[in-house]
Amino acid sequence: MNENEKDVKIENEDELFVPITQDMIQSEKIIAPRYSYWKSVFRIFFKKKINIFLIIVFILIFLIAFIVPIFAPYVYDENVTLLAAQHLNPAKALEFFADKPECGPAIKWILGTGPYGNSILYGIISSARTSLLISVICAAINMTIGIFLGAVWGYSKKFDAVMLVIYNIIANVPYILLISVLVYVIGAGFWSFIFALTVTGWLGIAYFFRTQVMIIRDREYSLASRCLGTPLPRMVSKNILPFLTSVIVTLLATELPSYISSEVYLSYLGIGLSASVPSLGRMIAQAQTGFTQYPWEFWPPVFIAAAITIILYLLGQNLADASDPRTHM
């Protein structure tokens, strides 16, 4: 190859390379908005206008249930000596207490009176407060214990063998019978009732969560972490629970209203709460015998109990749908 041929070849090779400017480098970068899981969840959740309406209604019920009893405490037998004040419909109650300011403001009697001359409105507000407290406390206890124990249960085969025996024994005992026995042993009361609902209430949640964990425990990233010697608590908290967020929200959506239903149903049967604790179930039970004669005593607590349960259920289900990563595509 002579000198001229070498020069031509070098020039041709140089033409294959083009200088890259800073602007061209920037143009090659992929620009995408930063992804936030929870921001995406709430964006999808608040797209449905019905969720905003339900939240507003629930906040109003919550504030009324927790603020009004502070300034207007409910006493179920406050007018027990006034026979004329018993079983008054709203119109007659407003008329009867119009000249009795010491018995409270007129709005107190807007729903009429009960069998002891008690205010139906104040009774419903205080009873709703009891139901919401029981629901939140029981859900917090049972969900916390059930989720973490269920995660360990589904991941550890040794723990699984022990827990299956415990679950099969307790699961065969009727739920109502178990609560009844516990209440009769430890006595009726607010915290006794919560203890009865939570002493084994977490077991069903743990068993459900066990099956969910078993589905994802043998994935590649979990096997790699196990080979690297990652401790079990860290495996559960980092590798298992973050992938089950939508499952947790779905479970919470069913648990919160279920405790309100349980409180109303068990109080209706006369199990759990003492007579001094306001209860929607007890108000319904007291009014059931004469609900055709005194409908204002029966239907308002039934409506409030149903409204709270339905609102919590709908909000929970819609939040569970929004927390599903498949809806973020």
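Can you tell me which residues in region 249-275 are β-branched (Val, Ile, Thr) and surrounded by fewer than 18 Cβ atoms within 10 Å (Cβ to Cβ)?
Residues of region 249-275 that are β-branched (Val, Ile, Thr), as a first pass: 249-250, 254, 260, 264, 271.
Result: Thr254, single match.
Taking region 284-299, which residues are part of a loop (DSSP other than H, G, I, E, B) and surrounded by 14 or more Cβ atoms within 10 Å (Cβ to Cβ)? Steps first, answer last, please.
If we filter region 284-299 for residues that are part of a loop (DSSP other than H, G, I, E, B), which is where we start, we get 291-294.
Once the filter is applied, which keeps residues that are part of a loop (DSSP other than H, G, I, E, B) and surrounded by 14 or more Cβ atoms within 10 Å (Cβ to Cβ), region 284-299 yields Phe291, Tyr294.
Taking region 47-71, which residues are surrounded by 11 or more Cβ atoms within 10 Å (Cβ to Cβ) and closer than 21 Å to Pro301 by Cα?
Residues satisfying the conditions are Leu54, Ile55, Val57, Phe58, Ile61, Phe62, Ile64, Ala65, Phe66, Ile67, Val68, Pro69.
Which pairs turn up if I take residues in region 52-71 that are under 16 Å from Ser135 (Cα atoms) and at pLDDT 90 or above and look for partners that are of a type in the set (Val, Ile, Thr) and part of a helix (DSSP H, G or I) with beta carbon separation below 6 Å, at least 6 apart in sequence or on another chain?
Phe58/Ile311; Ala65/Ile125
Quick one: Pro278 ticks every box in (1) under 25 Å from the mean Cα position of the chain (by Cα); (2) of a type outside the set (Ser, Thr, Tyr); (3) more than 30 Å from Ala188 (Cα to Cα) except a single one, so which number is it?
Unmet condition: (3).
Are any residues in region 202-236 more than 17 Å from Met163 (Cβ to Cβ) and of a type in the set (Lys, Arg), and if so, which ones?
Within region 202-236, Arg219, Arg226, Arg234 qualify.
Looking only at residues that are among the aromatic types (Phe, Trp, Tyr) and closer than 27 Å to Leu312 by Cβ in region 168-196, which one is modelled with the lowest pLDDT? Outline the logic, then answer.
Filtering region 168-196 down to residues among the aromatic types (Phe, Trp, Tyr) leaves 175, 184, 190-191, 193, 195.
Next, from what is left, pick out any that are closer than 27 Å to Leu312 by Cβ: 175, 190-191, 193, 195.
On the way: Tyr175: 80, Phe190: 85, Trp191: 88, Phe193: 86, Phe195: 89.
Only one residue tops the list, namely Tyr175.
Is one or more of the residues making up region 133-146 assigned to a loop (DSSP other than H, G, I, E, B), at pLDDT 85 or above and closer than 20 Å to Glu255 by Cβ?
No; the residues of region 133-146 include none that is assigned to a loop (DSSP other than H, G, I, E, B), at pLDDT 85 or above and closer than 20 Å to Glu255 by Cβ.
The values are calculated or read from the model by the stated rules, or taken from the named source; none is laboratory data. For clarity, every value in this text was computed on a predicted model and none was experimentally measured. Methodologically, a virtual Cβ is constructed for each residue, glycine included, from the backbone with ideal geometry; neighbour enumeration extends over all protein chains shown.
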